[in-house]
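Trainee: Just passing along the structure, written as structure tokens.
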Amino acid sequence: MVALTAALMASTASAQSLAERDKLTGDWNGARTALADHGIEVTFEYIGEIFGISGGVEPGGPHATYEGRFQLSLDADLEKMVGWHGAKAHITTFQIHDAQHKNAADYVGSLADPSNIDAYSTVRLFTLWLEQGFGDFASVRVGQLAADDEFLTSDTAGGLINGTFGWATIMSANLPSGGPAYPLATPGVRVQVNPTKNVSVLGAVFSGDPAGGDCYTTGAGDPQVCNNHGTTFSFDGGAFWIGELQYNANKEEGSTGLAASYKIGAWYHTADFSDLHYGVMGDGTIISIAGGPDADLLHQGNWGIYGVADQMVWRGPESSISVFVRGGWAPEDRNLVSWYIDGGVGFKGFVPGRADDVLTIGVAHANISDDAKSLDRDVPIYTGNYWPTRSGETVFEVSYSAQVTPWWKIQPDFQYIVKPGAGVLRDEDDASLGEVEDAYVFGVRTTVTF
């Protein structure tokens with residue numbers, strides 16, 4: 001009987017055409033299904049993208065970049081495997097590469113990375129965790145975690161490629177080493193409680209600096225180089241706490257109502273943060289950083305609040321329209337970005353007969369804090385040299401995801417980034433080169449699930 005079942009599965013797999021398969025390599029003669037039956041799911045995915053960039057920190061283009069990422073993930077249902085009720089395990093690793101040792105962000109010079117897969121070229125462990133569930137009511141997850149997997153997320157915003165529509169710039173620009181988010185996960189604990197079917201409360205604590213405490217003291221400076229394989233398992237830099245209250249409706253598969261997701265969150269970081277305008281002289285006098293103080297003026301802790309709204313506004317037989325908006329605030333004196341807002345709209349099945357295609361349009365703005373602006377205004381006073389005052393950075397993006405087959409997606413993308421870096425000089429040592437120019441980013445991404 002077992003042999004007959006295996007033969008039937010192999011026959012079914014071989015009968016599927018390439019265009020019909022859920023994954024490029026099919027069911028591996030039934031091995032994939034057999035593994036799933038025993039609680040093991042394997043995901044192997046490749047994302048590759050090419051960008052043409054005009055403007056930015058290196059005008060005179062267009063410049064071209066290629067970057068890619070292999071992902072291998074294993075998910076284990078430990079109840080099926082070993083009878084451990086409610087337990088799950090997960091691991092994700094990446095092999096990240098580029099063509100010229102220069103990514104899109106290097107040419108654009110923006111706070112918001114034009115690509116959400118941009119990262120230092122390496123083989124990297126990303127997430128590694130064990131989760132214990134308590135029915136539908138609660139779960140606890142422990143291990144190497146990424147906050148951007150579960151916090152501050154929007155399904156509709158996920159149709160865009162720029163990194164700010166995932167882990168927003170107000171987080172990546174303000175937290176040490178960008179915070180516990182791609183590509184730097186960090187040790188942590190996450191607790192989720194579901195008081196009702198539609199309401200969830202999430203809370204987590206992460207190690208404060210995923211790069212490790214000696215990253216800057218050793219002179220390396222780049223967090224992704226300091227933790228180049230994701231195995232630093234840093235417990236340095238204090239602790240990063242984050243909590244989120246969620247309301248979700250009509251999110252289940254097969255639901256016919258209008259899907260909705262509303263979230264309110266807050267975070268607190270226990271480390272000391274340097275003031276962005278003032279420093280301290282040896283005698284205790286506080287002066288502008290532009291005047292060359294002897295030491296930083298430190299503030300104890302850092303915090304912020306945010307909100308997310310993602311609402312489907314229309315649903316047809318094979319299409320739908322959803323809108324999203326996210327915003328956040330953080331203190332002016334210790335954060336580069338003091339407030340942030342993004343929003344957009346997603347059209348699923350935008351083209352008749354293409355039910356799985358999605359057109360997404362988004363805009364995001366990161367505002368530079370008043371203290372950082374004040375420092376910029378002080379620089380010419382102390383140095384006599386021209387220095388621009390940063391204001392903010394705005395990203396416009398239009399992206400179309402075409403589902404060619406169940407396992408292959410092609411995504412043309414256009415981005416216009418206004419004032420990359422929020423309006424900084426191309427070269428701090430040569431003001432005659434002017435500020436970084438607005439950037440135009442044209443790209444195509446392909447995603448293959450093997």
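The values are calculated or read from the model by the stated rules, or taken from the named source; none is laboratory data. Because the structure is a prediction, the values reported are computed rather than measured. So basically every Cβ, Gly included, is an ideal-geometry build from the backbone, and we count neighbours across all protein chains shown.
Trainee: What about His85, is it modelled with pLDDT of 95 or more and either out of contact with any strand residue (DSSP E or B) (no Cβ under 7 Å at 6 or more places or on another chain) or surrounded by fewer than 17 Cβ atoms within 10 Å (Cβ to Cβ) (or both)? Step through it out loud before you land on a result.
Mentor: On the way: modelled with pLDDT of 95 or more: yes; either out of contact with any strand residue (DSSP E or B) (no Cβ under 7 Å at 6 or more places or on another chain) or surrounded by fewer than 17 Cβ atoms within 10 Å (Cβ to Cβ) (or both): yes.
Judged against the criteria, His85 is a match.
Trainee: Would you check if Gly159 is within 27 Å of Ser322 (Cα to Cα), assigned by TED's automatic domain parsing to the domain that holds Glu244 and surrounded by 24 or more Cβ atoms within 10 Å (Cβ to Cβ)?
Mentor: Numbers: within 27 Å of Ser322 (Cα to Cα): yes; assigned by TED's automatic domain parsing to the domain that holds Glu244: yes; surrounded by 24 or more Cβ atoms within 10 Å (Cβ to Cβ): yes.
Here the answer is yes, as Gly159 does meet what is asked.
Trainee: Please verify whether His38 is in contact with an Asp or Glu (Cβ under 8 Å, 6 or more places away or on another chain) and surrounded by fewer than 15 Cβ atoms within 10 Å (Cβ to Cβ), treating the condition exactly as stated.
Mentor: In short, no.
Trainee: Filter region 310-319 down to residues that are surrounded by fewer than 17 Cβ atoms within 10 Å (Cβ to Cβ) and either within 25 Å of the chain's Cα centre (by Cα) or outside the structural domain of Arg354 (by TED's automatic domain parsing) (or both), then give me how many there are.
Mentor: 1
Trainee: Please go through region 417-442 and give me each residue that is in contact with an Asp or Glu (Cβ under 7 Å, 6 or more places away or on another chain) and either outside the structural domain of Ile170 (by TED's automatic domain parsing) or without any contact (Cβ under 8 Å) to a residue 60 or more places away in the chain (or both), ordered by number.
Mentor: Passing the criteria: Val418, Lys419, Gly423, Leu425, Leu433.
Trainee: Take region 333-345 and flag every residue that is surrounded by fewer than 24 Cβ atoms within 10 Å (Cβ to Cβ) and of a type in the set (Val, Ile, Thr).
Mentor: Ile341, Val345
Trainee: Here's a follow-up. What's the number of the only condition in (1) crowded, with 19+ Cβ neighbours inside 10 Å; (2) without any contact (Cβ under 8 Å) to a residue 40 or more places away in the chain; (3) small (Gly, Ala, Ser) that Ala364 fails to meet?
Mentor: Ala364 satisfies every listed condition except (2).
Trainee: From the list Lys373, Lys419, Lys409, Lys348, which residue is buried (at least 16 other Cβ atoms within 10 Å of the Cβ) and at positive phi?
Mentor: Lys419
Trainee: Next up: Answer yes or no: is there a residue in region 236-250 that is exposed (fewer than 14 other Cβ atoms within 10 Å of the Cβ) and at pLDDT below 95.
Mentor: Taking every residue of region 236-250 in turn, none turns out to be exposed (fewer than 14 other Cβ atoms within 10 Å of the Cβ) and at pLDDT below 95.
Trainee: Continuing with the same structure: Identify, by number, the condition in (1) more than 29 Å from Asp118 (Cα to Cα); (2) in the same structural domain as Trp407 (by TED's automatic domain parsing) that Asn29 doesn't meet.
Mentor: (2)
Trainee: Right, next: What are the residue pairs meeting all of these: first residue in region 236-252, first residue of a type in the set (S, T, N, Q), second residue assigned to a loop (DSSP other than H, G, I, E, B), Cβ atoms under 9 Å, and 6 or more apart or on different chains?
Mentor: Between residues of region 236-252 that are of a type in the set (S, T, N, Q) and residues that are assigned to a loop (DSSP other than H, G, I, E, B), the close pairs are Gln246/Asn198; Asn248/Lys197; Asn248/Asn198; Asn248/Ala259; Asn250/Thr256; Asn250/Gly257; Asn250/Leu258; Asn250/Ala259.
Trainee: Take Asn227 and decide whether it is surrounded by 13 or more Cβ atoms within 10 Å (Cβ to Cβ), in the same structural domain as Ser200 (by TED's automatic domain parsing) and under 30 Å from Met312 (Cα atoms).
Mentor: no
Trainee: Something else: If you go through region 91-100 one residue at a time, how many are out of contact with any Lys or Arg (no Cβ under 9 Å at 6 or more places or on another chain) and surrounded by 18 or more Cβ atoms within 10 Å (Cβ to Cβ)?
Mentor: So the answer is 2.
Trainee: Are there any pairs, at least 6 apart or on different chains, whose C-beta atoms fall under 9 Å, with the first in region 378-395 and under 16 Å from Ala422 (Cα atoms) and without any contact (Cβ under 8 Å) to a residue 40 or more places away in the chain and the second among the aliphatic types (A, V, I, L, M) and assigned to a loop (DSSP other than H, G, I, E, B), and if so, which?
Mentor: As it stands, the answer is Arg390/Leu336; Arg390/Val424, since those pairs meet every condition given.
Trainee: Whether any residue in region 368-376 is hydrophobic (A, V, I, L, M, F, W, C), out of contact with any Leu (no Cβ under 9 Å at 6 or more places or on another chain) and touching a residue at least 60 places away in the same chain (Cβ under 8 Å) is what I want to check.
Mentor: Taking region 368-376 and keeping what is hydrophobic (A, V, I, L, M, F, W, C), we get 368, 372, 375.
If we keep only those that are out of contact with any Leu (no Cβ under 9 Å at 6 or more places or on another chain) as well, we get none.
No, region 368-376 contains no residue that is hydrophobic (A, V, I, L, M, F, W, C), out of contact with any Leu (no Cβ under 9 Å at 6 or more places or on another chain) and touching a residue at least 60 places away in the same chain (Cβ under 8 Å).
Trainee: Need a quick list: strands (runs of 3 or more DSSP E) entirely within region 219-296 having at least 1 residues that are more than 30 Å from Gly327 (Cβ to Cβ).
Mentor: Per the criteria, 260-280, 286-288.
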